[in-house]
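Data block below; observations after.
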Amino acid sequence: MSAFHFAIVNDERVIDATGQPVADRDEAIAVAKRLAIDLAETRQEYLGRGYYISVIGSDAREIHRESIDSAEKSG
């Protein structure tokens, strides 16, 4: 299992970063989508301000960005 890091970011700074072991890149992107949806539903202060979830691979390179603003809300 690979470890990917997920960070809440805007254009100026990293707000929160955490690591999570996942099976592969596809699973890491799915985790980012779930995080973005959760934040869109629970942390209204992130909406409309350009925040996104950055997925960072084991080589410290960003592999995906998931916008919190465009996260589909579950319902």
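What the table below lists for this structure:
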| quantity | calculated |
| --- | --- |
| Ser2 paired with Asp59, simple spin-label distance in nm, labels 7 Å along Cα-to-beta-carbon | 0.9 |
| Option label - semi-axes √(5λ) of the Cα gyration tensor in Å computed here, alternatives (i) 38, 18, 5; (ii) 20, 14, 9; (iii) 17, 15, 11 | (ii) |
| Chain lengthening between Ala30 and Ser70 when straightened (0.36 nm per residue, less Cα-Cα) | 12.9 nm |
| On Cα atoms only, tilt of 25-42 relative to the major axis of the chain in degrees | 20 |
| Per residue, in Å², the accessible surface of region 1-62 once ligands and nucleic acids are set aside, probe 1.4 Å | 62 |
| Positive minus negative residues near His64 (Lys, Arg vs Asp, Glu; Cβ under 15 Å) | -1 |
| Surface share of carbon and sulfur [accessible, 1.4 angstrom probe, percent] for the chain | 45 |
| Estimated dipole of the chain in Debye, rounded to 20 [Cβ of Lys and Arg +1, of Asp and Glu -1, Cα centre] | 40 |
| Rounded accessible area of Tyr51 (nearest 10 Å², 1.4 Å probe) | 30 |
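The values are calculated or read from the model by the stated rules, or taken from the named source; none is laboratory data. Here the structure is a predicted model, which is why all the values come from computation and not from measurement. Heads up, the Cβs are rebuilt from the backbone with ideal geometry, glycines too, and the neighbour counts pull from every protein chain shown. What goes into the accessible areas is simple: the full protein's heavy atoms, side chains included, and nothing from ligands, DNA or RNA. Shrake-Rupley method; radii C 1.70, N 1.55, O 1.52, S 1.80 Å.
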